Amino acid sequence: MRSNFLPEDILVAPIEPRVRKIYTVSELTREIRGVLESQFPLVWVEGEISNLRTPTSGHSYFSLKDAQAQIRAIIFKYENELLPFKLEDGLHVVGLGRITVYEPRGEYQLVFETLEPKGYGALQLAFEQLKERLGNEGLFLSERKKPLPFLPQRVAVVTSPTGAAIRDFLQVLQRRYANVEVLIYPVRVQGDGAAPEIVQAIDRINQKLKVDVIVLTRGGGSLEDLWPFNQEEVVRAIARSKIPVISAVGHEIDFTIADFVADARAPTPSAAAEILVRPKEDLTSMVNGLISMMIRRVSDRIQMWEERLRGLQRGLSDPRRYLVDQAIRVDELAGVLPLYWDQRMNNYLQSLQILLKTLQGRTMLEEYSKLKERVASYENMIKLLAIRTLDHHRHGLERSINTLNAVSPWRVLQRGYSITRTLPGLKVVADALQVHTDDRVHVTLASGYLVCRVEESHTEPAPDTAHKRRKNKIET
């Protein structure tokens, strides 16, 4: 079959050359970033934290992974500081973030706005983390806790002035010991801003107020309500307080980190008042018991000294009796000395007779002369011995007499002093309080005695006597 078209009649459309779109790396990365950010503006992602690092900038960089994959992630400093817990490797979290691309490395990553623990409350986790960290620092050790005052005079209470806690505290305190002065420092005890107010209150009380103890208290509530007392700034303010702090936060089953660092923990505000002061009746009873014990001990001591004084009085004999005994001793020695002399002479004569018998063959004149000289020598020796013996006993007697005279009360009486005794008991008067007006007294003098009646008694020295003492002291 023949065609009716000629070759020149065929129309051929021209083929235009194909234009290629060439991206730069930056452009392609930017396009991908735009697609990802538009496709996934905000997403919830669950995974496990690994390779966590937080440089000095405060941003936290980590990988979020599961069993099959992982993705890089970041949470910036501001959002990181708002987290109530601390990020850790191995922590399973759920977070809200957006997907973006970090263009310099061409890596896509998640930028989280918030994170929370998976299967564990964020506040409870933060509580456990902070408790463990501060415990490792030694803030909970009993050695660093300050003792509470036995009976405080001024108490500062950091609490809400409108809460039930302060009413319960004041009621118990009024009932047990109303003399305590209470200063109420009003603060918020829950919600945002409560923690800084509590810190400021504790620091200001330490700097400006003179109180014996600080009571930090509020009523019970949830973990969120009590959270200001679990914040690190409050805990460290309690730790650095120079004044003892009692923590009475919540009910008996509630525990905060403030309880662990405080110097004492009370389960309730009422219990804080009971810990702070003992009932006034108990203190009064204790004081009365101490007074009774002191009176008994003083009485026992006075009785002991009185018995000792009576014993000394019984043992103190009259010095004149001692002088008489010594005089009798001298007389006895004077009577014995002649007998001693005669005995010694007889012994010497016997010795001479024995010598005469042995010397019969010698010249009698020569022997007589020698014997006469020996007898004279013996006589001199005996005289010297007798004189020395008498002198020794005489000196000993004189020393004894001088010693007795020095301590003799009769010598004191001879200098113008006297001994005053009560009548009829004859007890020595050493204090004006022992006698009263119109009492009769017996006054012993150096020679004789007087029986007098008391007209006046004074506990202080007479004015003229005191004047003389001062004058003598000035002259000395």
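The values are calculated or read from the model by the stated rules, or taken from the named source; none is laboratory data. Remember, it's a predicted structure, so these values are computed and weren't measured experimentally. Cβ: placed from backbone, ideal geometry, glycine included. Neighbour counts: every protein chain shown.
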*Inside the stretch 208-235, can you point out the residues that are touching a residue at least 40 places away in the same chain (Cβ under 8 Å), surrounded by fewer than 19 Cβ atoms within 10 Å (Cβ to Cβ) and out of contact with any strand residue (DSSP E or B) (no Cβ under 9 Å at 6 or more places or on another chain)?*
Leu223, Glu224, Glu232
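May I ask you to verify whether Glu79 is in contact with an Asp or Glu (Cβ under 9 Å, 6 or more places away or on another chain) and within 23 Å of Ser50 (Cβ to Cβ)?
On the way: in contact with an Asp or Glu (Cβ under 9 Å, 6 or more places away or on another chain): yes; within 23 Å of Ser50 (Cβ to Cβ): yes.
Taking the combined requirement at face value, the residue satisfies it.
Only one residue in Leu125, Leu130 is within 19 Å of Pro228 (Cα to Cα), of a type outside the set (Gly, Ala, Ser), out of contact with any Pro (no Cβ under 7 Å at 6 or more places or on another chain) and crowded, with 17+ Cβ neighbours inside 10 Å. Which one? Can you show your working first?
Numbers: Leu125 fails: out of contact with any Pro (no Cβ under 7 Å at 6 or more places or on another chain).
Within the list Leu125, Leu130, the selection yields Leu130.
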*asked:* Condition first: over 15 Å from Val111 (Cβ atoms) and assigned to a loop (DSSP other than H, G, I, E, B). Now tell me which residues in the stretch 69-82 satisfy that.
replied: Ala69
_So Tyr417 ticks every box in (1) in a helix (DSSP H, G or I); (2) closer than 20 Å to Ser447 by Cβ but one. Which box is left unticked?_
(1)
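Kindly establish whether Ile32 is in contact (Cβ under 8 Å) with a residue 60 or more places away in the chain and either over 18 Å from Thr114 (Cβ atoms) or surrounded by 15 or more Cβ atoms within 10 Å (Cβ to Cβ) (or both). Don't jump to the end; show me each part of the working.
Working: in contact (Cβ under 8 Å) with a residue 60 or more places away in the chain: yes; either over 18 Å from Thr114 (Cβ atoms) or surrounded by 15 or more Cβ atoms within 10 Å (Cβ to Cβ) (or both): yes.
Yes; evaluated as a whole, the condition is true for this residue.
Tell me whether the stretch 389-397 contains one or more residues that are in the same structural domain as Arg344 (by TED's automatic domain parsing), of a type in the set (D, E, K, R) and either closer than 24 Å to Trp341 by Cα or in contact (Cβ under 8 Å) with a residue 40 or more places away in the chain (or both).
Checking the stretch 389-397: at least one residue is in the same structural domain as Arg344 (by TED's automatic domain parsing), of a type in the set (D, E, K, R) and either closer than 24 Å to Trp341 by Cα or in contact (Cβ under 8 Å) with a residue 40 or more places away in the chain (or both).
Take Leu170 and tell me if it is over 20 Å from Val235 (Cβ atoms) and of a type in the set (A, V, I, L, M, F, W, C).
Working: over 20 Å from Val235 (Cβ atoms): yes; of a type in the set (A, V, I, L, M, F, W, C): yes.
The answer is yes for Leu170.
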*Failed item, numbered, when Thr256 is tested on (1) more than 23 Å from the chain's Cα centre (by Cα); (2) within 15 Å of Val157 (Cα to Cα); (3) surrounded by 20 or more Cβ atoms within 10 Å (Cβ to Cβ); (4) at pLDDT 85 or above*: (2)
*Only residues that are part of a loop (DSSP other than H, G, I, E, B) and hydroxyl-bearing (Ser, Thr, Tyr): list them for the stretch 177-209, please.*
Tyr177
*Filter result for Ala446 (within 53 Å of the chain's Cα centre (by Cα) and part of a loop (DSSP other than H, G, I, E, B))*: no
_Quick check on the stretch 105-112. Is at least one of its residues small (Gly, Ala, Ser), surrounded by 17 or more Cβ atoms within 10 Å (Cβ to Cβ) and assigned by TED's automatic domain parsing to the domain that holds Arg30?_
no
*So, of the residues in the stretch 46-68 that are part of a loop (DSSP other than H, G, I, E, B), touching a strand residue (DSSP E or B) at 6+ places or on another chain (Cβ under 7 Å) and of a type outside the set (Val, Ile, Thr), which turns out to be surrounded by the fewest Cβ atoms within 10 Å (Cβ to Cβ)?*
Asp66
